[in-house]
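Take a look at the structure below.
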Amino acid sequence: MSPRLETTIEIGGRRVKNRLYRAPLLECAGDGPEAVDRLIGQLEPAAAAGAGLLFQGAMPVHRETGHVAPNMMSLAAPRPDLERLTDAIHDHGARIFAQIDHGGLRSLEAWHHAYGEARPGVRQLAVSEPPRLLRLAARAGFLDLDYEVLSTEGVHDLAADFGRSAAHAIDAGYDGVHLAGANMGIIQQFLSPYYNRRTDAFGGSFESRQHFLELVHEEIRDRVGDVPVLTKLPSEAAAPPFVRPRLSTADGVEIARRLEAIGFDGLVPVRASTFWDMSIVRGEYPDRGWEGSAFREGYAAAFGSEWRARAVALANRLQAREYDREAGWNADFCRRVRDAVSIPVLCEGGLRRRSTMDDLLGDDCDMVGVGRPFYAEPRLPARLLDTDERDTDLSNDPRAVCESCNNCTIPQATGAPGVCRTPSVLRKRGEFERAGAYDRAETR
């Protein structure tokens, strides 16, 4: 019998009370003394409403470099104050993993004009000489490429930084570590033949391009021992067709086999691009997000001028037409990985309806994740969990109110928090609130 959303599961020896997880999101909580309170406000409602596992959004392993959005919290140094967050999540019987990251060529210092101006001399870390398309974008003024290609010693140092950040997370009470291995972060850049043209032990062949991720895993194990370690696993199948070479889905499956063999406890397969584009989120062009007067100055500061911001908005509009947004757009990749490994495979990407989640469990994946809908419904699990499995009335098949309009995501380029800004969605949430749909007796 196939598992349902309420079925328990073990990841790396840790019991998780159900198979619904909050996918990593940009919290944009900042790095100051109020950041932990903001994180509790954003994450605790999901745990209180029944989510079995929460992935906190990416925390950079460096203080200054490698941040992919403004107002991110770094794990470069110990953060004992985060124990208040992990304790709050554990009080509801849920688990919380820390996602750690370095953006490499995707980092703020490459694309956020105001961030770079405020930090002269801060350079991007690059796996190799940047691809030609990125160099052309820099000449056109859309990127500021002032990069340092990592030496072999520098690669080892960066892997050690991942290990230290993982130790800081476990010391603060997190239950596991989630590597941001896709969405054009530096781990994907090492794996990708489009970015990695190194000639040392960390580049060249397909096998050598995996060595950085293997070294990161080793550094984490040396510091935290036997705790669950997961990673996103990229396929670059969503890249524009003219981009070559790139990671194929078959490559991703082979990488999955290797990651299981070296000791990873779970995988999150993602059909990504070679660029930071709408293949990450998909959905509608966010008219309200781009046109809101409150963010115009922030966009100009981020992208360098108003006309550059308008050019980015145009590219955003074209990408919205290009990338389809069928429910579970990563499901085929997840199924192929699940057929190849025996560790848990987690699926996310456009999942909105309870019945779709149940259909994916068992054949395609072992857990299902939801991201942007939590911006609209912080207590969404209360509506998705504990439905009557004997109820075949489709009108009782709960669905997230999120419309995939992306008005929550675009303003994050200015440092704004991820919240729903779409009136029709907020009205629907209000109807559920008045009906008591988010009131849920907690179960352990």
Given Cβ charges of +1 for Lys and Arg and -1 for Asp and Glu, the option among Phe264, His217, Val253 whose Cα lies farthest towards the positive end of the dipole of segment 205-276 is Val253
Between Asp161, Asp265, Asp363, where does the largest GNM mean-square fluctuation fall for the chain, given springs only between Cα atoms within less than 10 Å? Asp363
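How much area per residue is accessible in segment 22-137 when the probe is 1.4 Å and only protein heavy atoms are counted (Å²)? List each step's numbers first, then the result.
Working: 3640 Å² over 116 residues.
For segment 22-137, the solvent-accessible area averages 31 Å² per residue.
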Segment 291-381, accessible area per residue, ligands and nucleic acids excluded (1.4 Å, Å²): 43 Å²
Using the crude model of +1 on Lys and Arg Cβ and -1 on Asp and Glu Cβ, and no other charge, please compute the dipole size for segment 208-257 relative to its Cα centre, in debye to 20. 240 debye
Dipole check, the chain, charges on Cβ (K,R +1; D,E -1), about Cα centroid: among Phe374, Gly181, Cys405 the Cα furthest to the positive pole belongs to Cys405
In whole percent, and with a 1.4 Å probe on the protein chains, what portion of the accessible area of segment 215-293 is carbon and sulfur? 46 percent
Segment 42-183, accessible surface, carbon-and-sulfur percent (1.4 angstrom probe): 49 percent
Under 15 Å from a point 7 Å along the Cα-to-Cβ line of Ala437: which residues of segment 339-381 have their amide N that close? 352-355, 373-381
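Report the calculated FRET efficiency for Leu136 and Met1 (r = Cβ-Cβ distance, R0 = 56 Å), to the nearest 0.05.
On the way: r = 54 Å, r/R0 = 0.97.
Working from the Cβ atoms, E equals 0.55.
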Hey, how many Å between the Cα centroid of segment 93-130 and the Cα centroid of segment 156-173? 17 Å
Count the net charge of all other residues whose Cβ sits under 11 Å from the Cβ of His168, scoring Lys and Arg as +1 and Asp and Glu as -1. +1
So in the chain, which Cys have no other cysteine's beta-carbon sitting under 4.7 angstrom from theirs? Cys28, Cys402, Cys405, Cys408, Cys420
What does the extension gain come out to for Asp171 and Asp332, with contour length at 0.36 nm per residue minus their alpha carbon separation? 54.3 nm
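Counting each DSSP H run of 4 or more residues in the chain as -39500 (n - 2.57), what helix-only mean residue ellipticity at 222 nm follows after dividing by all residues, to the nearest 500 deg cm²/dmol?
Working: 17 runs with 161 residues, N = 444.
Calculated mean residue ellipticity at 222 nm is -10500 deg cm²/dmol.
Return a whole-number percent for the relative contact order of the chain, with Cα pairs under 8 Å and 6 or more residues apart as the contact set. All intermediate terms of the calculation are to be shown ahead of the outcome.
Working: 934 pairs, mean separation 78.0, N = 444.
Here the relative contact order equals 18 percent.
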Place the peptides 19-25, 280-286 in order of packing, highest mean first, counting for every residue the other Cβ atoms within 10 Å and averaging per peptide. 19-25, 280-286
Local net charge near Arg38, Cβ-Cβ under 15 Å (Lys/Arg +1, Asp/Glu -1): -4
What is the local net charge at Ala137, summed over the other residues whose Cβ is closer than 13 Å to its Cβ (Lys, Arg +1; Asp, Glu -1)? +3
With charges only on Cβ, +1 for K and R and -1 for D and E, what is the dipole size of the chain about its Cα centre, in debye, rounded to 20? 1020 debye
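The values are calculated or read from the model by the stated rules, or taken from the named source; none is laboratory data. Note that the coordinates shown come from a computational prediction; the quantities given were computed from them, not determined experimentally. Heads up, the Cβs are rebuilt from the backbone with ideal geometry, glycines too, and the neighbour counts pull from every protein chain shown. Accessible surface is based on the protein model in full, side chains and every heavy atom, while ligands, DNA and RNA are left aside. Shrake-Rupley method; radii C 1.70, N 1.55, O 1.52, S 1.80 Å.
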